Amino acid sequence: MNMITKFNPFRTAEWNPYRELQEFENRLAGFFGRAPVRTNGDKKEAIALADWAPLVDISEDEKEYLVKAELPEVKKDDVRVTVENGVLSISGERKVEKEEKDKKYHRVERAYGCFERSFTLPEGADGTKITAEFKEGVLKVHLPKAENAKPKSVTVKVA
């Protein structure tokens, strides 16, 4: 029995349930603030390659907020930290290594290029006194709390 398929000009590729699952994962990743994932296009091997965005930890103590961003193989001169309209932005670029003529690359999975992460400043943060330090591939951004936002101890007399 010979099956005849009709031509469909709107059909761009075969249906792939894994692609639909990946699209769902991308939407879910976007919901949680992570970069979307894409495959390398090779049908023999589907390795997930992510658009590069540095991983960030944000912590708080009684004096300040601390933002730590992992920036491996990024030079200090290629990183910018700005505060504008109540938004902290960390941006920069990880540059591609020079390809050597006598070296064969079998796989390149690390992402390169420009990145930017932005965060709304929490209420009570003083964006005018921000400081940053960059050491061993980790950017630390110190965001002090405003004086009126720091917790104060009040003694109350009980009658």
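Details
- Subset of the stretch 54-67 (residues that are under 16 Å from the mean Cα position of the chain (by Cα), surrounded by 15 or more Cβ atoms within 10 Å (Cβ to Cβ) and in a strand (DSSP E or B)): Val56, Val67
- Lys75 within 18 Å of Trp52 (Cα to Cα) and exposed (fewer than 15 other Cβ atoms within 10 Å of the Cβ): yes
- The set of residues from the stretch 98-113 being among the acidic types (Asp, Glu) and within 21 Å of the chain's Cα centre (by Cα) comprises just one member, Glu109.
- Positions within the stretch 109-127 being among the hydrophobic types (A, V, I, L, M, F, W, C), closer than 17 Å to Glu73 by Cβ, open to solvent by less than 90 Å² (accessible area, probe 1.4 Å) and at pLDDT 85 or above, in sequence order: Phe115
- Restricting attention to the stretch 109-155, the residues that are out of contact with any strand residue (DSSP E or B) (no Cβ under 9 Å at 6 or more places or on another chain) and aliphatic (A, V, I, L, M) add up to 1.
- Selection status of Leu28, modelled with pLDDT of 70 or more, open to solvent by less than 90 Å² (accessible area, probe 1.4 Å) and in a strand (DSSP E or B): no
- Only a single item in (1) within 27 Å of Glu23 (Cα to Cα); (2) surrounded by 10 or more Cβ atoms within 10 Å (Cβ to Cβ); (3) modelled with pLDDT under 90 is not met by Glu45, and it is number (2).
The values are calculated or read from the model by the stated rules, or taken from the named source; none is laboratory data. Computed from a prediction, not measured in an experiment: that's the story for all the values here. Cβ: placed from backbone, ideal geometry, glycine included. Neighbour counts: every protein chain shown. These area figures cover heavy atoms from the full protein model, side chains too; ligands, DNA and RNA do not enter into them. Shrake-Rupley method; radii C 1.70, N 1.55, O 1.52, S 1.80 Å.
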